Every structure is written in structure tokens, then in C-alpha cells.
Amino acid sequence: MAEAEESPGDPGTASPRPLMRDLKAVGKKFMHVLYPRKSNTLLRDWDLWGPLILCVTLALMLQRDPADSEKDGGPHFAEVFVIVWFGAVTITLNSKLLGGNISFFQSLCVLGYCILPLTVAMLICRLVLLAGPGPVNFMVRLFVVIVMFAWSIVASTAFLADSQPPNRRALAVYPVFLFYFVISWMILTFTPQ
């Protein structure tokens, strides 16, 4: 007697294919941010998985010990999470109010994926902080954060600039600059003690 084949859509089967498909899509979007070029791929195939992963990773790396946070007012996980998502929503609304032809979730996707360089900067800064405090340590961290800040700006404007009317592009890019500047400042001023 021949066994009946179950189709991939059956609820009884657990197929890793959709997960792998999503992970590959997130990886491709990370590559678009690492090598920014004018492309509609990130806008056309938007998702919020990558931004969520990056936001959680950044918030966890900026997390301090609860006893330390009470002393120096360092950010908690929820504060970083809210700053990132509230900032992205504010920039998206600004873009829409300026007459941009990009959807709300496309903009959130681009802004979230473009946090990748800043997340890498936070990882490098955490590693540099293992060497201990000092002026050389600070200069290395400052250089890394400035480079990754510029990378985030270039990557996000490569995707978002064409969605704005030509006479309003500066008004749309300025809040993006401020958004990534605040995140960069949080990364630069982070100290684990």
C-alpha cells in the first residue's frame, strides 16, 4: 500500500522552508545595506523581521546591569526599543506628510535595516571597551561610530531619497540624520560600568 504524500501546506507538517526563505530574504536585505546602491528591492519586498532583529540586538548590547542603570541613568532595553521605533515612525510620518510616494511599512523597513552599521559599531565598541578606558580607546570608538553613522545615512538616503519630491529631499533627510545621530550618541556614550 502506497503512503499518501503530505503537501507542504498541510498543518500536520513542520517545514523549515518558510523560515529559510525568510532568513535568506533578510540576509539579502542586509547585503543591500552593506553595499548601498539605488535599488527598489528593499522597498518592494519589505518586511520587519530584520529591523526587529537589529533593534533587539542593539537594545540588548546597550543594556546595562540594573544596579548600574540606577546610578548613571543608562538606557534600559525598553527605552532603546522605544527610541528606535518611535524615531522610525516619526520619520515615516514626516516622509508621508512631505508628499513621499513610499508606504508606511516600506519606510520602517528601510530605516530599520539601515541600523545594521550602527549595530556593528556597537559590537566593535563593546569589544574595544574590553581593553579598558582611555583616550585612545575613546578615539577608536569615535572613529568607528562616525564611519558607521555615515554609512547608515548613505544607505538610508540611497533608498529613501527617490521617494521624495526633489524640492523636499533635504527636509526628508534631516530627520533621518537626527535619528541616526541619537542612536550613534547612545552607542558612543555607552560604558559598561
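The values are calculated or read from the model by the stated rules, or taken from the named source; none is laboratory data. Being a predicted model, the structure only gives us computed values, none of them experimental. All Cβ positions, even for glycine, are placed from backbone atoms using ideal geometry, and neighbour counts span all protein chains on display. Note: areas computed on protein heavy atoms with side chains; ligands, DNA, RNA excluded. Shrake-Rupley method; radii C 1.70, N 1.55, O 1.52, S 1.80 Å.
Rank these by accessible area, largest first, 1.4 Å probe: LYS96, LYS29, LYS24.
LYS24, LYS96, LYS29
With label points built 7 Å along Cα→Cβ from the Cα atoms of LYS24 and VAL147, find their separation and express it in nm.
So the two model labels end up 3.2 nm from each other.
Measuring from label point to label point, each 7 Å out along Cα→Cβ, what is the LEU130 to VAL154 span in nm?
Here the modelled spin labels are 2.8 nm apart.
Quantify, in whole percent, the carbon and sulfur part of the accessible surface of the stretch 81-193 (1.4 Å probe; protein heavy atoms only).
Taking all protein chains in place, the stretch 81-193 shows 79 percent carbon and sulfur surface.
Measure off 7 Å from each Cα along the Cα-to-Cβ vector at MET61 and VAL140, then give the distance between these two points in nanometres to one decimal.
1.5
Rounded to the nearest 10 Å², what accessible area does LEU142 show when all protein chains are kept and the probe is 1.4 Å?
Counting only protein heavy atoms, LEU142 exposes about 50 Å² to solvent.
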